[in-house]
1. List Val32, Val102 from most exposed to least, where exposure is judged by having the fewest other Cβ atoms within 10 Å.
2. Once Lys and Arg get +1 and Asp and Glu get -1 on their Cβ, which of Gly101, Thr55, Val27 lies farthest toward the positive end of the dipole of region 3-138?
3. Taking a ≥ b ≥ c as the square roots of the Cα gyration tensor eigenvalues, with a/c under 1.5 meaning rounded and otherwise prolate when a/b beats b/c, else oblate, which class fits region 154-222?
4. Over the chain, what relative contact order in percent results from Cα pairs under 8 Å that are six or more residues apart?
5. If you only keep lysine pairs separated by 8 or more in sequence, or across chains, how many in region 4-69 come under 20 Å at the Cα atoms?
6. Tell me, what is the percent relative contact order of region 4-69, built from C-alpha pairs under 8 Å that lie six or more residues apart?
7. With springs only between Cα atoms under 10 Å, which of Ser146, Ser66, Ser74 fluctuates most in a Gaussian network model of the chain?
8. Could you list the trypsin sites (Lys or Arg not before Pro) in region 90-189 that lie in coil according to DSSP, counting only those with at most 14 other Cβ atoms within 10 Å of their Cβ?
Amino acid sequence: MKFMLNPDAGALELSISGDEYKYLIKVRRHKVGDTVCFRNKANLSEEYRYHLEQTDGKNAFFSLQSHHSAPCVSERKLHIGWCLIDPKTIEKTLPMLSELGVEKITFIHCHRSQHNFRLDYDRMMRLMESSIMQCGRTSFIELSESPTLSTFLKAHPDSVVFDFGGEILKSDENIDTVIIGCEGGFDESERKQFASHRVRLFPSPMILRSETAAIAIASRLL
């Protein structure tokens with residue numbers, strides 16, 4: 001764990017209880033005298049170092065030692081337009097995309113996306129919180145939705161599309177926004193919409209699942 005999130009991080013004195021206490025004291029086995037890093041979601045770039053003063057079995061009490069600016073962000077920025085797939089699969093993949101440094105994900109309601117899918121943004125935020133505490137990232141992936149592929153393409157005319165029949169995706173290619181299809185890929189009406197866009201494929205003979213493609217592309221570009 002690189003740091004722990006706490007809304008009171010920055011105060012001269014800090015106390016924790018409940019699940020946070022169990023994690024730090026029972027799981028991480030911190031003891032009196034240890035230094036623990038905390039950050040506040042209101043200003044993630046600031047790191048606060050606290051001295052563990054005492055515990056009473058249910059609570060842990062800290063005093064502020066120091067603080068400094070310590071941002072941790074990806075050097076490159078990548079926006080993924082991700083045609084909506086099963087939210088459970090998205091939730092499993094989101095922490096990995098967070099660790100890789102993806103800046104933004106827009107979930108696109110494509111023709112082959114199931115229309116009963118509903119995204120739980122509160123749960124996804126909790127997953128990202130756990131991810132950044134482990135990997136040290138000091139920003140959250142920005143999440144949004146687009147009602148159709150055409151709407152997304154109009155808003156992001158320089159998008160590169162990940163689809164069959166394209167050229168091999170190069171790691172040094174200048175790409176800010178990439179579109180990934182859902183299970184089953186794009187239908188022909190959607191392919192006509194991005195006919196004038198750059199189309200790329202991953203250099204592998206195997207067919208990638210949507211979530212595998214998202215991780216592979218982010219890894220290659222970031």
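What follows is calculated from the coordinates using simple rules that are stated; it is not laboratory data. Just so we're clear, the structure is a prediction, and the values are computed from it rather than from any experiment. Methodologically, a virtual Cβ is constructed for each residue, glycine included, from the backbone with ideal geometry; neighbour enumeration extends over all protein chains shown.
1. Working: Val32 11, Val102 25.
The order, fewest Cβ neighbours first, is Val32, Val102.
2. Projecting each Cα onto the dipole axis, the largest value belongs to Gly101.
3. Details: a/c = 1.62, a/b = 1.14, b/c = 1.41.
Oblate, since a/c reaches 1.5 and b/c is not below a/b.
4. Values: 419 pairs, mean separation 44.9, N = 222.
RCO, the chain: 20 percent.
5. Working: Lys22/Lys31; Lys22/Lys58; Lys26/Lys58; Lys31/Lys58.
Number of lysine pairs found: 4.
6. Values: 123 pairs, mean separation 24.9, N = 66.
Computed over region 4-69, the figure is 38 percent.
7. Ser66
8. Numbers: sites: Lys92, Lys104, Arg112, Arg118, Arg123, Arg126, Arg137, Lys154, Lys170; in loops: Arg112, Arg118, Arg137, Lys170.
Sparse-neighbourhood loop trypsin sites (Lys or Arg not before Pro): Arg118, Lys170.
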